[in-house]
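Remarks on the structure that follows.
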Amino acid sequence: MQIADEELELLVADLHDRYGYDFSGYARASLKRRFERLAGLDKFPSFAEFRYKILKDPVYIKRVVEEITVNVTEMFRDPHFYLALRAEILPVLATYPFIRIWLAGVASGEEAYSMAILLYEANLLHKTLIYATDINPAVLDVARKGIYPAAKMKQYSENYLAAGGKGDFSEYYTARYGYIKLNEELSRRMIFSTHNLVSDATFNEFQVIICRNVLIYFDKTLQDRVFHLFNDSLDIFGFIALGSKETLKFSGMSDKYKVLKSGEKIWRKIS
Amino acid sequence: MAEDLIGPGYQCVVIGGSAGSIKVLIDALPAITPHLRLAIVVVLHRKNAADNSLLVHLLRSKTLMLVKEIEEKEPICSGICYIAPPDYHVLVEKDRTFSLDASEKVNFSRPSIDVTFESAAVVYGASLACVLLSGANSDGAHGLIMAGAHNALIAIQDPATAEMPAMPRSAMNVVENYHILQPEQLAGFINNLA
Ligand SMILES: C[S@@+](CC[C@H](N)C(=O)[O-])C[C@H]1O[C@@H](n2cnc3c(N)ncnc32)[C@H](O)[C@@H]1O
């Protein structure tokens, strides 16, 4: 189904007025694609019927939010990013008595387990709390369980090695019936919670904030709001890490931050 | 259709290709006028990031035009040759900026040519030209249908000249109005657009 610009704005308004989900700051081209994709998946014959369902069925809204947001993720996505974390950030964190890390837009949690493995191998996990948040409760349920398809492990163990993994990746999980479960030792230091970057406030002070492949879906204004939120939530000399195509450069905050040497999208707060 | 029927007035050309398309592009680039008043957007299937920066360097060596990998929310300017980054779909916003999207692969591809053809067509309409080159799958065909529906100009590489004819061929099977392009006509075709 093709959704026209005006129709898209109707859906955005419906979701906000009726259910309190504010997608008005999302980049329109991808939002439009997501709605069109959903209408196609669920085989709506017309826009009117699609909209009617959204307006009348509060249960369906859960599915809408799940499908409108892009939840694609993997363990050790962009392995070189994790190499940079190991080389440039972990040694600094090691000097702190206690470490708080916020993973915003963590999706189904692969990123949180990757981070936990990194910290574990640096012997820092025991003194760290990982706050893993997302707008989407369904993906957080998956994250909490730490159960993923076994078929993905070949790719993940390659990523793990490319990310400077020091151990035997298969020791971090147990496999059963086509699925793997990551060791509870890794999730013991994680706190999962819904948090909406559009509307929710800061909830703690962190030494590291990682928010990857979330801001590409936001327009400039919303990106700026989120940068302020992160700035308010980050300790001085803390680190912000973004996805490989995202930048703090144009945020009006760049003079408060210094990009790290590695060439990865990691900044340190210097004032 | 003859090349001279294409008047100027196009603002953007999206070039999609897969296996066998790089050589066509590299051969054409030196003959493309560097200060063309149109933006060139290249969406090629790549293996990985290293592969892509190699491609950017290679293309740079062939032209005076600015050749760059697309950054998110970057304004689309004429006279620049933009390359899709690996592992992201490239979308066009109404205010003529790019946005990137790491959602599911389309036709086993990310970037997908379909996605960019369709998204650019919605914004540029009849001032868009789409070119589909050699490739081994059927990405691009659906996007060209959408582009056609928005009155974009369509050119497809002659499958007989394509190292991998499947992609141009599957597009020709479903698209209605298009120009057939010989590889050596690509530069002239683009120069005539603006
Ligand atoms: C593409 S995933 C990124 C996952 C992971 N960070 C990575 O890079 O692999 C984007 C995530 O952002 C979440 N998200 C989208 N809008 C959000 C919002 N307003 N607040 C919090 N999370 C949001 C989505 O639910 C999704 O899980």
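Do we find a residue being among the polar types (S, T, N, Q), under 15 Å from the mean Cα position of the chain (by Cα), farther than 23 Å from residue B:48 by Cβ and not in a loop (DSSP other than H, G, I, E, B) anywhere in the stretch A:248-267? No, that holds for no residue.
Checked against the criteria, residue A:72 does not count as in contact (Cβ under 8 Å) with a residue 24 or more places away in the chain, of a type in the set (A, V, I, L, M, F, W, C) and away from chain B (no Cβ under 11 Å).
Checked against (1) outside the structural domain of residue A:200 (by TED's automatic domain parsing); (2) at pLDDT 95 or above, residue A:132 meets all criteria but (1). Where residues in the stretch A:191-214 are under 14 Å from residue A:233 (Cα atoms) and surrounded by fewer than 17 Cβ atoms within 10 Å (Cβ to Cβ), which of them is nearest to the ligand (Cβ to nearest atom)? Checking each candidate, the answer is A:200. Just one of the listed residues (A:146, A:165, A:178) is touching a residue at least 24 places away in the same chain (Cβ under 8 Å), touching an Asp or Glu at 6+ places or on another chain (Cβ under 9 Å) and on the phi > 0 side of the Ramachandran plot, and it is A:146. Selection of the stretch A:160-171 for residues being more than 16 Å from residue A:86 (Cβ to Cβ) and open to solvent by less than 70 Å² (accessible area, probe 1.4 Å) yields only A:170.
Residues that are among the polar types (S, T, N, Q), crowded, with 18+ Cβ neighbours inside 10 Å and away from chain A (no Cβ under 14 Å) number at least 3 in none of the helices (runs of 4 or more DSSP H) confined to the stretch B:108-189.
Hey, can you tell me all the residues within the stretch A:126-140 that are open to solvent by 10 Å² or more (accessible area, probe 1.4 Å) and either more than 12 Å from the ligand (Cβ to nearest atom) or part of a strand (DSSP E or B) (or both)?
Those that are open to solvent by 10 Å² or more (accessible area, probe 1.4 Å) and either more than 12 Å from the ligand (Cβ to nearest atom) or part of a strand (DSSP E or B) (or both): A:126, A:127, A:129, A:131, A:134.
Among the residues of the stretch B:73-92, those that are open to solvent by 20 Å² or more (accessible area, probe 1.4 Å) and in contact with a strand residue (DSSP E or B) (Cβ under 8 Å, 6 or more places away or on another chain) comprise B:73, B:74, B:75, B:76, B:77, B:78, B:80. Restricting attention to the stretch A:172-184, the residues that are of a type in the set (D, E, K, R) and open to solvent by less than 90 Å² (accessible area, probe 1.4 Å) total 1. Kindly evaluate residue A:244 against the criterion of being within 14 Å of the ligand (Cβ to nearest atom), among the small types (Gly, Ala, Ser) and over 28 Å from residue B:111 (Cβ atoms). The answer is no for residue A:244. Contact annotation: residue pairs with Cβ atoms under 8 Å, 6 or more positions apart or on different chains, pairing a residue in the stretch B:88-103 that is facing another protein chain (nearest Cβ under 7 Å) and under 17 Å from residue B:143 (Cα atoms) with a partner that is assigned to a strand (DSSP E or B) and of a type in the set (S, T, N, Q), are B:91/B:99; B:92/B:99; B:93/B:99. Answer with yes or no whether residue A:113 is under 28 Å from residue A:177 (Cβ atoms), at pLDDT 95 or above and within 12 Å of the ligand (Cβ to nearest atom). Yes; evaluated as a whole, the condition is true for this residue.
Only one entry of A:143, A:104, A:116 meets the criterion of being open to solvent by less than 20 Å² (accessible area, probe 1.4 Å) and touching a Cys at 6+ places or on another chain (Cβ under 6 Å), and that entry is A:104. Just one of the listed residues (A:20, A:25) is modelled with pLDDT under 95 and within 24 Å of residue A:197 (Cα to Cα), and it is A:20. Here residue A:80 meets each of (1) within 14 Å of chain B (Cβ to nearest Cβ); (2) within 16 Å of the ligand (Cβ to nearest atom); (3) farther than 16 Å from residue A:243 by Cβ; (4) open to solvent by 40 Å² or more (accessible area, probe 1.4 Å) with one exception, condition (3).
The values are calculated or read from the model by the stated rules, or taken from the named source; none is laboratory data. Quantities reported herein were computed from a predicted structural model and do not represent experimental measurements. Here Cβ is always computed from backbone atoms with ideal geometry, including for glycine, and neighbour counts include all displayed protein chains. Calculation scope for accessible area: heavy atoms of the full protein, side chains included, ligands and nucleic acids excluded. Shrake-Rupley method; radii C 1.70, N 1.55, O 1.52, S 1.80 Å.
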